[in-house]
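Notes for the one structure printed next.
Since every read-out is calculated from the coordinates, none of them should be taken as a lab result. Worth saying up front: this structure is predicted, and the values here are computed from it rather than measured.
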Amino acid sequence: MFRQRALTLASGAILPIKAIPDPQLLGALGASVLSSDKPQLVLDDFFWISGEIPRVTAYEKGFPGHLRRSSDGGTWEPDPLIMDERFLAVHVLDRGLVVFTACSHAGVVNVLTHARESFPSIPLYAVAGGFHLSAANEKIIPETVRDLASFNLDVIAPGHCTGWRATHALVEKFGENVVVPSAVGKTYTL
């Protein structure tokens, strides 16, 4: 995750994304950096951060046009899968598992599949975050909506990168009582 990332624009131009400071710089600023590819519990063991998210669906292929710097820093290389993306989960008493995605570059179905496999005795209750179903990923909206039904979620809270077409498709399938779009400052009462 410490290699610089970039996007390929429609024109073919490369748009660099602001680099994440390296661990040494973060340490010099007082941070205690724990960089791991393994899942871990944090904040008094209340929250679980996933490890690498297995890519198991045939249609969730990441973020087309995403790049990262090569290990020598000299060139850009394709990085559509963004394998260092993680999700956060918390078990809410009497409800089940609430999964917070990042942008779901791994695919929201892959994210939820991994959450269910990681906690087989806890029912999935909600998913909140970006589902990355806009722009180039709009073509996978039908499969995503179809497969989300298998999780029997009580709350689906799509965020910024889900896109309006996908949000509309989710509302059409699951209804306004289940699909509650996320926004800054929104409060959810379980």
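Straight-line cross-link reach from Lys139 at under 14 Å between alpha-carbon atoms covers these aspartates and glutamates, not counting any fewer than eight positions away in the same chain: Glu60.
Between Gly130, Gly163, Gly107, the GNM of the chain built on Cα springs shorter than 10 angstrom shows Gly163 fluctuating the most. Expressed to the nearest 5 percent, the antiparallel share of DSSP beta bridges inside the chain is 70 percent. Rounded, prolate or oblate: which fits the chain, taking a ≥ b ≥ c as square roots of the Cα gyration tensor eigenvalues, rounded meaning a/c under 1.5, else prolate when a/b beats b/c? Taking the square roots of the gyration eigenvalues as a ≥ b ≥ c, the chain is oblate. For a straight C-alpha distance cut-off of 24 angstrom, the lysines reachable from Lys38 (same-chain residues fewer than eight places away being disregarded) are Lys61. Taking all Cα pairs closer than 8 Å and separated by 6 or more residues, the relative contact order of the stretch 92-190 comes to 27 percent.
Across Phe100, Phe87, Phe174, mean-square fluctuation computed from a Gaussian network of the chain (C-alpha pairs under 10 Å connected) peaks at Phe174. Comparing Leu133, Leu29, Leu124 in a Gaussian network model of the chain (Cα springs below 10 Å), the most mobile by mean-square fluctuation is Leu29. Normalised by the number of residues in the stretch 33-92, the average gap of Cα pairs under 8 Å and 6 or more apart makes the relative contact order 35 percent.
Take every pair of alpha-carbon atoms less than 8 Å apart whose residues are at least six positions apart; their mean separation over the length of the chain yields a relative contact order of 15 percent. Helical content alone sets the calculated 222 nm signal of the chain at -5500 deg cm²/dmol, taking -39,500 (n - 2.57) per DSSP H segment of four or more residues and averaging over every residue.
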